[in-house]
Each structure stands twice: as structure tokens, then as C-alpha cells.
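Some notes on the structure that comes next.
Only the coordinates and a few stated rules stand behind these numbers; no lab work does. Treat the numbers as computed from the prediction; the structure is a model and nothing was measured. Heads up, the Cβs are rebuilt from the backbone with ideal geometry, glycines too, and the neighbour counts pull from every protein chain shown.
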Amino acid sequence: MNPTARIAKNSLVQIIAGIVNKIFGVVLIIFAARLLGIDGFGRYSFVLSMHAMFFIITDFGLGTLITRDLSREPEQESRYFINVLVMRVLLSLIAAGGMVGTVALLGHPSEVVILTAITAVSLVFTSNIDTCNAVFFARQRMEIPAMVSVVANTIRVTASLGALAAGAGVMTLLGIFTLAAAAHLVIILGMLLFFTRPIFSLDKFFWKKMIKEAYPLALANLFSVIYFRIDTVMIASIKGQEAVGYYSAAFRLLEFTMILPAYYCGSVFPVISAAYKTNHKRFLLIYRRSLKYLMVVSLPLALGAAALAPEIINLVYGPVYAASIPLLPILMWTLVLISANSISGPFLIAMGRQQIVARLILVGMLFNITMNAFAIPRYGIQGAAWVTLVSEVINISLFLVVLCKPLALDLRMIRYFIRPLLAGGVMYGMLHLIPGWDLGFKVLLGGVVYCLMLLMLKAFDPVDFELFRRVLRPAQEGQQKTL
């Protein structure tokens, strides 16, 4: 299979699995938000945000490093897998203690500390789920972890919905979260052992090498998660759990759409890692076209959410979450910037410049924390939403400055975005002209109008159509020279 088709296949299976998982997740969020109450939903969201932040300690950049290195040296698979597995068990124990201790030191009630402790146990499992996934990613067999994630998530959501129906609270939901993570690890580890038989051998020199190369990625990931999650933690401390509930309701919808750039970039990463030293032309082509396609996909989602925010919030959460309506358009505009910038980090890492990635994200994180400290006490959750958007403007600007020279970027690339913006503007205007119509029909009509406008404005050039053709004819093109 040629690289273009491989990227498309891996992106497609991950996006399909991601959408299925997110749909399950949205269903769970809807019922949790309605049945737990605003305060209970705020606690649930707060603990999961803390889990996401401390997961980065267990990751330590090792997952990205495994995928990058094994895509170049697959014969090292056993060595990487065993050593990273043990490293992550130790890191997860440190992270779990840190997670519980941090919540206690922040002065949260004992109930919240207990909820945090239950969830912290899952770090041992989620960290090594990622280890197994990284090996499959390096092999470019992304359909396997995608399939397993759907099975595990189905188990978790089904059990959680049953518990909610029976009147269970936050503690039960988080207990199910931890048990489902354990089941996920058992399944994915079993699948990996079916394909390979790793030899158990610890190598202290390998550990030193991995830590030296991984710590910039660990810092970058830590800064990134703090960047995305610190607003929830600060809102909880400054405005209380009810405000977290309103803010999380809108932010969860943004997270649902972020699977598109995340899974696409995950599929691209092993290809660009292999291409960086062997095919620089392909390396440059993937960046420029990826930037265009991510913008084409993210624009209608952002504009559609901005136009239909009241209907979406009322449908998903109900009238009680009306305070979340003004947040959704602001946060969804962030999706466009996140999508455009999501490809930048993987390219710098493929070039071995992970230290720069860490520094740039650190700057963005510090700006985000500083602005949230100013905005949240004065403007509440709406101020936090605007800070998220402005921070992403700063972030993408910093990355583009760094990437301009190595990727030969110039202002002519703006032409990639003008036509999609015009198509999105027409779609946005059309949605405002049909108030009162059924939401599902509006979404369908908006998508049709956007696609037709892209074709009418000739948003795709001959290079795009050649790439599309390669996706549709992977076997034949795999035998020929590719870009």
C-alpha cells in the first residue's frame, strides 16, 4: 500500500473508532450531566481532568518515541516494549500518588480526594494501554488498537449507563472507569502477544538513552495537558464545581471534534518519521496538504457549532445548561486553530526537535495560566473560553515561525484557506436564514452546501485529486514511485 493510501486507511479506521467511542462518550455525558446534577457532574469532570493531567507523567513521551523509532527500526520491538512497559508501571505509581496528594493539598473535600484515589489506580492500566498501542502504530496496524478501544469503551459505557439507571453516583462511575481500563489493557496486551513474543530483558543503558530522548517530549506533553486542563482546575478552585459543570458541558463537545486532527496526525506520524531522512519531497508535501485538509474539515464544524449553539446545547444537555450556550461558539473556533497546529508538533518531533516543541508549548501554557488567573475571577467561565481561543492563536503563531524555514513555508500557502473560508461563510449564512427548522436537517443541509461550495470554488487542485486517486487505488500505486 502506498503511503498516501496507508495514511488514509489508518486515519479512517481511527476516526471511525474515535467517532463511535465519542458517541458513546457523549451519551454517557448526557446522562451523567442530567442524573448527577450540575455539582456531581462538575466533580466527575474535575477528577477526569486531573487524571488526564497526571497521565502525562506515566506517558513521559515514551509512546511517541516508540512509534518514531520502531517505524525506522522494527527489529528493536521487543527491547522497546519490555523496557517501556516496566518504566511505565513505575511512573504510574508515582503519578497516582501525586494525583491524590495534589487534590488533597488543593483543599478539596475528602469525598473528592477518595474519588481521585479510585481513578488514580487506573493510571497503571491506561499508561500501558498506550505502550501497546504505540507498538501497533509503529507497525502501521492502527485498526487493531482502534477495534479494541471500541470493545473496551462499549463495556465501560454500557456498565456506566446501567449504574446511572440504578441510581449510582460519581464514585460508582469512576470505579467502572478504572475496571474498564484494566479490561482494555488485558485485551490489547493479549492481541499484542498474539502477534509477537517479546523477550523479558531489562537494559539500564537503554533506560538512560530513552529518558534522555524522552524527557523533552514528557515536558511537552505535560505542558500541553496543563494548557488544556488547567482552566477546569482553576474554575473549580475560583468559581466552584457548578461552574465546572457548565464549562465542561461545552468543552466536552470541543473534545468530541478534536478526534479528527488527533487521529489523522497519529496516522501521519510514522510515515513522516520514516520519510524525513529518505524522501524529503514527500515530507514537505504531507505537511502542506495535511494543513489544507485539516482546515477544510474543521471549518464547517466550527461554523456550524457557532450557528447552532442553542439547539445543540438544548438537545444534548437540556435547558438547565443554558449558561453553556455562549461558550460553545468561542471554544469551537479554537478547533480550527488546533487542527491547523496539530500537525506542527509531529513534524518537529520527526525532525528530532522535540526540545523546541517543549519550549513553545511552555510559552503557550504560561500565557494560558496567566490569562486565566486574570480572566476567571473577573469574567468567569466565558473569560476562560476566550483565554482558550487567544492562547491557541499565540500557540499556532509560535509554531509557524519555527517551521517557516525547515518546511519552506510562505504567504502563498494562504491560498489553501481562502476558498474553504468562503464556502464556510456561505454555509454559516444559510444556517442563519432557516431558523426554527429541525436540527438534524440543518446539519445535513449545511454539510451539503459546504461541499457544493468547495467544488464550485475549485478548492481542490490537481495535486489533491492525484492524492485522492492514490487513496482509491492503493494496490496499484504501491508498486509505483510515489511522491
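In the chain, which longest range has no trypsin sites (Lys or Arg not before Pro) that are both DSSP loop (not H, G, I, E or B) and surrounded by at most 13 other Cβ atoms within 10 Å?
The longest such stretch corresponds to 1-276.
Give, in nm to one decimal, the length gained when the segment between Leu445 and Val320 is fully stretched (0.36 nm per residue of separation minus the Cα-Cα distance).
Stretched out fully, the Leu445 to Val320 stretch lengthens by 42.2 nm.
Each label point is 7 Å from the Cα along the Cα-to-Cβ direction; what then is the distance between the points at Leu421 and Thr278, in nm?
3.9
Count charges around Thr126 for me, please; just the other residues with Cβ under 10 Å from its Cβ, Lys/Arg as +1, Asp/Glu as -1.
-1
Once each part is reduced to its C-alpha centroid, what is the distance from region 221-269 to region 123-153 in angstrom?
21
When the helices in the chain are scored as -39500 (n - 2.57) per DSSP H run of 4 or longer and the sum is shared across all residues, what 222 nm value do you end up with, to the nearest 500 deg cm²/dmol?
Result for the chain: -29000 deg cm²/dmol, rounded to the nearest 500.
I need Leu308, Leu62, Leu452 ordered by Cβ neighbour count within 10 Å, fewest first.
If I rank by nearby Cβ atoms, fewest first, I get Leu452, Leu308, Leu62.
For the pair Leu433 and Leu457, what calculated FRET efficiency results from E = 1/(1 + (r/R0)^6), where r is the Cβ-Cβ distance and R0 = 25 Å, to the nearest 0.05?
0.80
Within 10 Å, count the other beta carbons around each residue, average over each peptide in 392-402, 116-126, and list them highest first. Could the numbers behind the result be given before it?
On the way: 392-402: 17.5, 116-126: 21.9.
Highest to lowest by the protection proxy: 116-126, 392-402.
So what is the relative contact order of region 3-477, in percent, for Cα pairs below 8 Å that sit 6 or more residues apart?
Details: 606 pairs, mean separation 98.6, N = 475.
Relative contact order here is 21 percent.
Tell me which label goes with the value of volume of the Cα convex hull per residue in Å³ computed from the coordinates here: (i) 195; (ii) 159; (iii) 145.
Only one listed value fits the structure, namely (iii).
Using unit Cβ charges (K, R positive; D, E negative) and no other charged atoms, how large, in debye to the nearest 20, is the dipole of the chain about its Cα centre?
1400
With 10 angstrom as the radius, rank Glu77, Glu143 by how many other C-beta atoms surround their C-beta, starting from the fewest.
The fewest-first ordering by Cβ neighbours comes to Glu143, Glu77.
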